[in-house]
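Novice: Input: one structure, supplied below.
No lab work stands behind these numbers, since they all come straight from the coordinates. Just so it is clear, the model here is predicted, and its values are computed rather than measured. All Cβ positions, even for glycine, are placed from backbone atoms using ideal geometry, and neighbour counts span all protein chains on display.
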Amino acid sequence: MGRTLTSDLQNILAASARTVEYTIEILFPKNATKYLATAPLTIASQAYTNDLESVSEIRQTLENPADRVRLALQNKDGVLGLNLGGNEEEWRGATAIIGRYYEDKVGLGLSAWIELFRGTIQIPETDDFQMSFEVATDTLAKGAIVASGTLAYPCRFIYKDPSTCGATSAETACNHVLKSKGGCQGRDNSHHFGGMESLYNPDQNVPGTGGNTIVPFPPQDRCPRLDQYILIKDYWGNPIGVPVGKLQIKDKIFDPRTGMFHDIENLNVVKDVEIFSIRAANGAMCLASGSHRILRHRDHHGGQELTDFAKGDPVFTWRNKNATSSSVIFASSIGERGDVMEIKMAGGHVYACGASGESAIVSHNKNPYDTEEPPIN
């Protein structure tokens, strides 16, 4: 597919030596625009930092234009990962403009920048080395053409965005939870909630329902909230996320450290417990009771209570089908109470639980009758 070239660009391409660098301009709904490139650049008085590590091939044919591009940004210093952890709503849906910058190296003094692709950032992911994401055209990104809503529990709206959230509270932050003093309910804005309210966290129990009638065991309150996801064995023998409130005795729980599945001995719903949240820099998140035990690293036998974690602490997570280490960016009460599930496992004590089946916090539910823990294979 042809592209019209300026005279400067034609002369640069005709020269015997030149440099070519990729650039990306990320326009957030509210936050300041980021300018990144594969080398330190200054284009039209705008500085670009050399945080762009790779850009996938931009595929197009005579019949079909390019519809998506994948990029990777460096996260070795942890800056972008922390930015994503605290501004995930801003990153999801930000506009990205990808370009290529040419400069001659034979003394002509010529340079040129051309736009190659623009679209919407999709599902940014991060680890200790890189942040990666796809940029999709508007025909693939959520919005007027593709569904703009999701089935995720947290609200997807940017706080106080007049076109979506519309909150007018004096509070400067929101935890994006519906029934929470730190969320919609505490800001008198429940009618604008943009998440999917969980069936397992209703305003009140339906009269006449007895809830979970499984024989209880001595409660330890080391439990995830019922609307969180836990990894169990699917039909094909792979781990799959299901809501905690839908767990059944016949299910087998996945241990992300060993890759093994373990039987469930008992389940017990514990009602009206103070709910805490822990969130990692790589996006993994879990809502649970304060005494819910969490692993700091792979070999952290027994784990530690959620209330003992603070910002910057190491935490062990499940992300992109891999067990991986990260750091805490938030660990505190969310100012609400809810129902949690106490899980007694017949073998093994470690599992992954979080706000989705794709990213979770690795947790430890110590069997109250056992003192030994199986070794890691």
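Novice: Between Asn31 and Asp67, with labels modelled 7 Å along Cα→Cβ, what's the label distance in nm to one decimal, could you check?
Specialist: 2.9 nm
Novice: Karplus couplings for segment 280-295 from phi (6.51 cos²θ - 1.76 cosθ + 1.60, θ = phi - 60°), rounded to Hz, Gly and Pro as x?
Specialist: Karplus values, whole Hz, x for Gly and Pro: 9, 5, 8, x, 5, 8, 8, 10, 7, 5, x, 8, 4, 8, 10, 8.
Novice: Pairs Lys76/Lys233; Lys160/Lys246; Lys181/Lys271: which exceed 25 Å Cα-Cα? Intermediate values should be presented prior to the final figure.
Specialist: Numbers: Lys76/Lys233 34 Å; Lys160/Lys246 34 Å; Lys181/Lys271 18 Å.
In this structure, Lys76/Lys233; Lys160/Lys246 lie more than 25 Å apart at Cα.
Novice: Per residue of segment 74-84, what does 6.51 cos²θ - 1.76 cosθ + 1.60 with θ = phi - 60° give for ³J(HN,Hα)? Whole Hz please, x for Gly and Pro, Karplus curve as stated.
Specialist: 6, 9, 5, 8, x, 5, 5, x, 5, 5, 5
Novice: Hey, with R₀ at 56 Å, roughly what FRET efficiency would Lys181 and Lys233 work out to, going by the Cβ-Cβ distance, to 0.05? Each step should come with its number before you reach the end.
Specialist: On the way: r = 37 Å, r/R0 = 0.67.
Efficiency at R0 = 56 Å is approximately 0.90.
Novice: Now for a separate question. Once the Cα gyration tensor of segment 226-377 is found, what semi-axes does its equivalent ellipsoid get, as square roots of 5 times the eigenvalues, in whole Å, sorted largest first?
Specialist: For segment 226-377, the ellipsoid semi-axes come out as 21, 18, 15 Å.
Novice: Starting from the 7 Å offset along Cα-to-Cβ, what nm value, one decimal, do you get for the label separation of His297 and Asn266?
Specialist: So the two model labels end up 3.5 nm from each other.
Novice: Sticking with this one: Pull up all non-local amide H partners of Met196: gap of 5 or more, or a different chain, and H-to-H distance under 5 Å with H placed in the peptide plane.
Specialist: Answer set, sorted by chain and number: Ala152, Tyr153.
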